[in-house]
There are 2 protein chains.
Amino acid sequence: MLNHDLIGAREEDLPTPALIVDLDILEANLERLAARFAGTGLRFRPHAKAHKCVEIARRQIALGAVGICCQTVAEVEAFAAGGISDILLTNEITDPAKITRLAAIPEGVRIGICVDSVLHLQLIADAIWTRPIDLYIEVDVGGGRCGTADPQAALALAREAERLGLTLAGLQAYNGKAQHLRDPAERQRVVETTAATTRNYVQTLSDAGFPPVVVSGAGTGTVDLDLQLGALNEFQCGTYALMDVDYLAIDPSGDADRYAPALTVLASVISAAPGRAVIDAGLKSFALDSGMPVPRDLPGVTYGNASDEHGILRNVDSQPLPAIGTHVHLIPDHCDPTIALYERIHAVRDGLVEEVWPIVARGKW
Amino acid sequence: MLNHDLIGAREEDLPTPALIVDLDILEANLERLAARFAGTGLRFRPHAKAHKCVEIARRQIALGAVGICCQTVAEVEAFAAGGISDILLTNEITDPAKITRLAAIPEGVRIGICVDSVLHLQLIADAIWTRPIDLYIEVDVGGGRCGTADPQAALALAREAERLGLTLAGLQAYNGKAQHLRDPAERQRVVETTAATTRNYVQTLSDAGFPPVVVSGAGTGTVDLDLQLGALNEFQCGTYALMDVDYLAIDPSGDADRYAPALTVLASVISAAPGRAVIDAGLKSFALDSGMPVPRDLPGVTYGNASDEHGILRNVDSQPLPAIGTHVHLIPDHCDPTIALYERIHAVRDGLVEEVWPIVARGKW
């Protein structure tokens, strides 16, 4: 079925499994984050890897975002083609062909890229650029993934960049590990360490004549703490827009309804037996890397036993299970890789499909 | 990049992460299974949910498969459009619109569907059919998912089908749980129970005048045992073609190299630090529901710490890690949902891309 044909459809008539966003909830989430930045002079640049949809990116920018982050070159291409004009690639690239693809993106799109080694600088310097590129040195602020290991290594890169004729725009200082810490005290401690490390890098680079203009980082799990600590001037939260079970469990603000789950998977009960209801959404409809999806509006019902195209709902204390042939909504545990499983998001209001958004950056590397 | 432009490319020039199938290994796997059935009078009908590619289905049929299995209506549509002319939908459908879509598939394609309740029969009977449909009663042979609970329930369905003017073609008797049992003795015991249960259903239905012509089941994990036990006359193994870490660990035959891993993800090392190499393949490039992918040709190197677009290789006992900028192959832990993450498979021989196969049934429900 073509996306256009689905507009105006009733939610209950959609073929399942179907990815649904509740527009009222999405809009409230988008406005809540934007309100945190209004009048602060601080920038927010939501990570589009969370949703992969041009339509959500446009709404974020309309509410004040300076642009978006992407995680792959093909994501940058997809969002640039969709009209997004300021994109930071928060990742390192070692493939010369991918650097060439970045260089071919129209000049009207501002692009930034991360580096953490001389190899990255060399590849960027070797490419033929007819457009500017903003260089961000990624620093390992505790995530233990990419990034330079200490400020002196970052300074060496800044000097090498200068020698190669490249201009340093800022620092990428994102701590992925900190985002998902459930214990508020531990998260506070880790974010404070992250902020101190970040300041240390800024100081070292500034003292040596390479002041980073933009210091970018943070996610939905740490944004409130990061705003208090003041080490960043650009914020990359992505999940806040749609939310998921994992981030709902973190509740960074202590205010449980601040960001609400806007994203669900609509599934059908295709088979039933005493104590179980089998739904048509399994490993190919949910990313289960961090936990199980949670049925919405079904207290005492849990999801499990996922196989490729099936999952099983079971009940606790004889709570009612949905009947065969009915629909159920489930909140994904991890929104980013769950969205990557689908072709489109159905944007629903009052039970009707208002828009259908192609997940244009799905499977794009 | 268009698929056609990739043909003839060197594997090492592909943008990563890229899904690769080694054609020599695939062909050997396909031939090994086909050889088990040659001259037996038994049928094999590989499950196409494992690979989702018309090109692999065609090769399976060319080697003697009677057709394929699919798990969703949209998969049936995709494979029918690709020229596959005999498809069993090994699943229950409760959506009338999906039944209507099945009824609209050209008559030249033979189609079967599973049922386990009167609701399914009623929906099929209510649809307007201008083509035949083969009805399979699914039986719960121990998997605890879909399927009738006992032979009397199956008999009641057979009678109701007759009353509705529908013709019973056979039984779906697949035990998903049995496929992944690591302990050979336990697997043997479970498969024997499955076979006894299946025979019991066949006896009950036959005695009542509803002999199932086709009794279909088995997977890569149990096919050898199922062949010995003789309760089935059609076999649905799918993973054998490409294999994955999970099924390699089972080794149903005791002959470790019988089915070899044909499928890998090619990834790039995009960042490196002492003791770790960060690759560009994470949660959006691997399904991690059952375990981690295994780096190929890198003894003592493990994959972990997956995030959306990153994974980290670490070494045991100071084994060498791949250097930044180099490529690595990883064998997925679970091939079916991993393949569902990609747009295409690069079919490679001697280091060159020989064909590019669109994963046409990806995300199709």
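Every number here is computed from the coordinates shown, using simple stated rules; none is lab data. Note that the structure is a prediction, hence the values are computed from the model and not measured. Note: ideal-geometry Cβ built from the backbone for every residue, glycine included; neighbour counts use all protein chains shown.
Peptide B:338-351 has a mean shielding of 2, counted as Cβ atoms of other protein chains within 10 Å of each residue's Cβ. For the protein assembly as shown, the Cβ-based charge dipole about the Cα centre amounts to some 200 debye (Lys, Arg positive; Asp, Glu negative; other atoms uncharged).
Mean partner shielding of peptide B:271-282, defined as the number of other chain Cβ atoms within 10 Å of each residue Cβ, is 5. Between the range B:340-360 and the range B:264-299, the C-alpha centres lie 19 angstrom from each other. If one takes the longest principal axis of the Cα atoms in chain A, at what angle in degrees, from 0 to 90 and to the nearest 10, does the Cα axis of helix A:184-207 lie? Its long axis makes an angle of about 20 degrees. Of the residues A:Trp129, A:Trp365, the one with the fewest other Cβ atoms within 10 Å heads the list, and the complete ranking is A:Trp129, A:Trp365.
What is the fewest-to-most order of B:Ile128, A:Ile93, B:Ile133, B:Ile87 by other Cβ atoms lying within 10 Å of their Cβ? Write down the numbers at each step before the final one.
Details: B:Ile128 8, A:Ile93 23, B:Ile133 19, B:Ile87 26.
Arranged by neighbour count, lowest to highest, B:Ile128, A:Ile93, B:Ile133, B:Ile87 become B:Ile128, B:Ile133, A:Ile93, B:Ile87.
Label-to-label distance for B:Arg349 and A:Glu27 is 5.8 nm, based on points extended 7 Å past Cα in the beta-carbon direction. Residues whose amide H comes within less than 5 Å of that of B:Gly217, counting only those at least five positions distant or on another chain, are B:Ala173, B:Glu234, B:Phe235, B:Gln236 (H built at 1.01 Å from N in the peptide plane).
Its alpha carbons give the range B:277-365 an Rg and a Dmax of 14.1, 46 Å.
When the alpha carbon coordinates of the range A:170-210 are projected onto the principal axes, the ranges are 39, 15, 8 Å, largest first. Dipole check for the range A:84-165: with +1 at the C-beta of Lys and Arg, -1 at the C-beta of Asp and Glu, and the Cα centre as origin, the magnitude is about 200 Debye.
Taking chain A as a Gaussian network of alpha-carbon nodes connected by springs under 10 Å, the highest mean-square fluctuation of the residues A:Leu119, A:Leu157, A:Leu341 belongs to A:Leu119.
Taken as Cα centroids, the range B:136-156 and the range A:172-226 sit 56 Å apart, rounded to the nearest whole angstrom.
Each semi-axis of the equivalent ellipsoid for chain B is √(5λ) with λ an eigenvalue of the Cα gyration tensor; in descending order they amount to 39, 23, 18 Å. Stokes-Einstein, applied to the Kirkwood radius of the range B:176-296 over Cα pairs at a viscosity of 1.567 mPa s and 4 °C, places its translational diffusion at 76 µm² s⁻¹. The per residue volume of the convex hull around the alpha-carbon atoms of the range A:104-173 is 86 Å³. If you run the Gaussian network model on chain A, springs between alpha carbon atoms under 10 Å, then out of A:Ile61, A:Ile324, A:Ile279 the most flexible one is A:Ile324.
The Cα atoms of the range B:103-254 cover 48, 34, 22 Å along the three principal axes, with the biggest extent listed first. Considering only B:Gly300, B:Gly82, B:Gly142, the mean-square fluctuation computed in a Gaussian network model of chain B, springs between alpha carbons under 10 angstrom, is largest for B:Gly300.
Out of all DSSP beta bridges with both ends in chain A, state the antiparallel percent to the nearest 5. Please report the intermediate quantities before stating the final value.
Numbers: 29 of 57 bridges.
Within chain A, antiparallel bridges account for around 50 percent of the total.
If each DSSP helix of 4+ residues adds -39,500 (n - 2.57) and the sum is divided by the residues in the protein assembly as shown, what number results at 222 nm, nearest 500 deg cm²/dmol? Before the final figure, lay out the partial values.
Details: 24 runs with 222 residues, N = 730.
Rounded to the nearest 500, the figure is -8500 deg cm²/dmol.
Rg/Rh, computed from the Cα trace of the protein assembly as shown with Rh as the Kirkwood radius, has the value 0.99. Candidates B:Ala208, B:Ile279, B:Thr193 compared by Cα position along the dipole of the range B:183-298: farthest toward the positive end lies B:Ile279, with charges placed on Cβ. Relative contact order, whole percent, for the range B:82-211 stands at 21, derived from Cα pairs under 8 Å and 6 or more residues apart. When B:Val213, B:Val139, A:Val294 are arranged by Cβ crowding within 10 Å, least crowded first, meaning fewest neighbours, the order is B:Val213, A:Val294, B:Val139.
A simple charge model with +1 on the Cβ of Lys and Arg, -1 on the Cβ of Asp and Glu and nothing else charged puts the dipole of the range B:1-108 at about 480 debye relative to its Cα centre.
Report for the protein assembly as shown the percent antiparallel among DSSP-assigned beta bridges with both residues inside it, nearest 5. It would help to have the intermediate numbers written out before the result.
Details: 58 of 113 bridges.
So the antiparallel bridges in the protein assembly as shown amount to around 50 percent.
Against the main long axis of the alpha-carbon atoms of chain A, helix A:23-37 sits at an angle near 30°. Over the C-alpha trace of the range B:1-156, radius of gyration and Dmax come out as 18.5, 59 angstrom.
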